[in-house]
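The values are calculated or read from the model by the stated rules, or taken from the named source; none is laboratory data. Just so it is clear, the model here is predicted, and its values are computed rather than measured. Positions of Cβ are generated from backbone atoms using ideal geometry, with glycine treated the same way; all protein chains shown enter the neighbour counts. Only protein heavy atoms, including side chains, enter the accessible area calculation; ligands, DNA and RNA are left aside. Shrake-Rupley method; radii C 1.70, N 1.55, O 1.52, S 1.80 Å.
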Amino acid sequence: MQRLRLTEIFYSLQGETRTVGFPTVFVRLTGCPLRCQFCDTAYAFTGGDWVTIEAILAQVKQYKARYVTVTGGEPLAQKDCITLLKRLCDEGYEVSLETSGALDISSVDPRVVKVMDIKTPGSGEVDKNKWNNIDHISSHDQIKFVICDEADYVWAKEIMHQYDLTSRAEVLFSPSFHQLKAGQLADWILQDQLAVRLQIQLHKYLWGDVPGR
């Protein structure tokens, strides 16, 4: 029987990505091989409970939601996450995966919307980027940069152009919540006329840094 180490399942508004604002069930798996300096879910690095995929599906079904997001930690650090994603798609949900970009995404069900970070120098984990993951990004996926400062912004622009990311997927620029003002990032984007989406973390503006929201 396939099991995953689970930190929590909760129901909230999606705070990020293309479905921002929609009621969503979040399945937060435990564990992550990265230690980004701005991480806001360090409580999911350890602990959690071993739960069967069937039990996870049953909990998700309690909420009458169209959208399900599998997040972490780093969900793909657990190999059976691939099965969970497929099963959620089979159940008819619109499924998204939040992943760090440090682990192989090639086996993820093509029905899943992959929201993949590219780690900036300011994250402290830029060396963990698995660049060949870009080859497995589809047009319905999203690529996210969390921007800590102007140096990160310049670096992200260069990477975006080097890999022609806007021709592959939607590109999101998100300010690191306590490090860069969203208005400043917006000004840079407009000044440079970038074809990216400014993303703020809606849930933090609504509820602050509250886990499970």
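Yes or no, residue by residue, for (1) farther than 22 Å from residue 187 by Cβ; (2) at pLDDT 95 or above; (3) not small (Gly, Ala, Ser):
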| position | (1), (2), (3) |
| --- | --- |
| 93 | yes, yes, yes |
| 96 | yes, yes, no |
| 99 | yes, yes, yes |
| 134 | yes, yes, yes |
| 160 | no, yes, yes |
| 170 | no, yes, yes |
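The residue pairs whose first member lies in segment 56-77 and is free of Cβ contacts under 8 Å to residues at least 24 places away in the same chain, whose second member is open to solvent by less than 10 Å² (accessible area, probe 1.4 Å) and not hydroxyl-bearing (Ser, Thr, Tyr), and whose beta carbons are closer than 9 Å, counting only pairs six or more residues apart or on different chains, are 62/25. Within the option set 172, 165, being of a type in the set (A, V, I, L, M, F, W, C) and within 14 Å of the chain's Cα centre (by Cα) holds for one residue only, 172.
Among the residues making up segment 103-128, a single one is assigned to a helix (DSSP H, G or I) and of a type in the set (Asp, Glu): 127. Scanning segment 49-76 for residues that are assigned to a helix (DSSP H, G or I), more than 14 Å from the chain's Cα centre (by Cα) and surrounded by 13 or more Cβ atoms within 10 Å (Cβ to Cβ) yields 53, 55, 56, 57, 59, 60. Just one of the listed residues (39, 32) is at negative phi, modelled with pLDDT under 95 and open to solvent by 10 Å² or more (accessible area, probe 1.4 Å), namely 39.
The number of residues in segment 171-187 that are buried (at least 19 other Cβ atoms within 10 Å of the Cβ) and of a type outside the set (A, V, I, L, M) comes to 4.
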